[in-house]
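Encoded as C-alpha cells, the structure appears first; notes follow it.
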Amino acid sequence: MRRPIVFFVLAALLVVAVVVPVSAASNGFDYLAPLSAAQEVAAVDAPGAGGFARFSVDGNVLHYRLTVRHLTGPATQAHIHGPADRGVNASISIWLCGTPGFDGPAGTPVCSSTTDGLLVQGSVTVTSEQLAMLDAGLGYGNVHTTLHPPGEVRGQVLPVGGR
C-alpha cells in the first residue's frame, strides 16, 4: 500500500515543479525579485523591511510592479542594478522610480510615499543588452530610502520560465 502513496506524492511533486514555473510565466511574469534588507551589501538594520518586484516583457518594454513592507521611511528611488551576481554591487541599469532630487531619466515615475504597499507600477523601454542581463539573472532590484541611501532592500531579479 505504501508504494502507490509514494508514487502519487512523487507524481504530484513533479507536476507542481513543471506547472508552477510555466503558469507564473503565462500569468505575465517573466522575472521576479524578492527584496530584503539582508540582501543589501552590507546588510542594513531595517527589521522586517522587504518587498517584491514582478516584471513582464512585451517586445522591448519592461512592465513592473514593486511592493514594499516595513521600510524605515519613504523610498527616494528604486531601480535595477547590473550586471552583477548576488552579493556584488553594480551601477544603475534600469530606473523604476524616483523622487525630487533623485528623479532619474525623463519619464521615470515618482515613487509613492508608502512604506507598506505599492511603491510603483510602470513600464520602461529596455535594450537587448538589459534583457540579456535579466535573462542571465545578473540584475538586482534595489529600493533606497533617506535612512539607507545606498539601499534598504535588495533582491536578485530572477527569470521565471521562458519568454
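The values are calculated or read from the model by the stated rules, or taken from the named source; none is laboratory data. Computed from a predicted structure; not experimentally measured. Backbone-built Cβ (ideal geometry, glycine too); neighbour counts: all protein chains shown.
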Selection count where residues are within 14 Å of the chain's Cα centre (by Cα) and either at pLDDT below 95 or surrounded by 22 or more Cβ atoms within 10 Å (Cβ to Cβ) (or both), scope the stretch 58-72: 4
Looking only at the stretch 120-148, and only at residues there that are in contact (Cβ under 8 Å) with a residue 24 or more places away in the chain and out of contact with any strand residue (DSSP E or B) (no Cβ under 7 Å at 6 or more places or on another chain), the one that is surrounded by the most Cβ atoms within 10 Å (Cβ to Cβ): HIS148
Entirely in the stretch 29-97, the strands (runs of 3 or more DSSP E) that have 2 or more residues that are among the β-branched types (Val, Ile, Thr) and out of contact with any Pro (no Cβ under 6 Å at 6 or more places or on another chain): 61-69, 75-81
Among the residues listed as ALA106, ALA75, the single one being small (Gly, Ala, Ser), exposed (fewer than 15 other Cβ atoms within 10 Å of the Cβ) and either farther than 25 Å from VAL160 by Cα or touching a His at 6+ places or on another chain (Cβ under 7 Å) (or both): ALA106
ARG54 being of a type in the set (Lys, Arg) and in contact (Cβ under 8 Å) with a residue 40 or more places away in the chain: no
Output for the stretch 129-163, where each listed residue is aliphatic (A, V, I, L, M) and touching a helix residue (DSSP H, G or I) at 6+ places or on another chain (Cβ under 8 Å): VAL153, VAL157, VAL160
Test for ARG154: is it under 17 Å from the mean Cα position of the chain (by Cα) and either in a helix (DSSP H, G or I) or modelled with pLDDT of 95 or more (or both): yes
HIS148 being of a type outside the set (S, T, N, Q), more than 22 Å from VAL57 (Cβ to Cβ), at pLDDT 95 or above and not in a loop (DSSP other than H, G, I, E, B): no
Test set (1) modelled with pLDDT under 95; (2) in contact with a His (Cβ under 6 Å, 6 or more places away or on another chain); (3) of a type in the set (Phe, Trp, Tyr) - TRP95 fails condition number: (1)
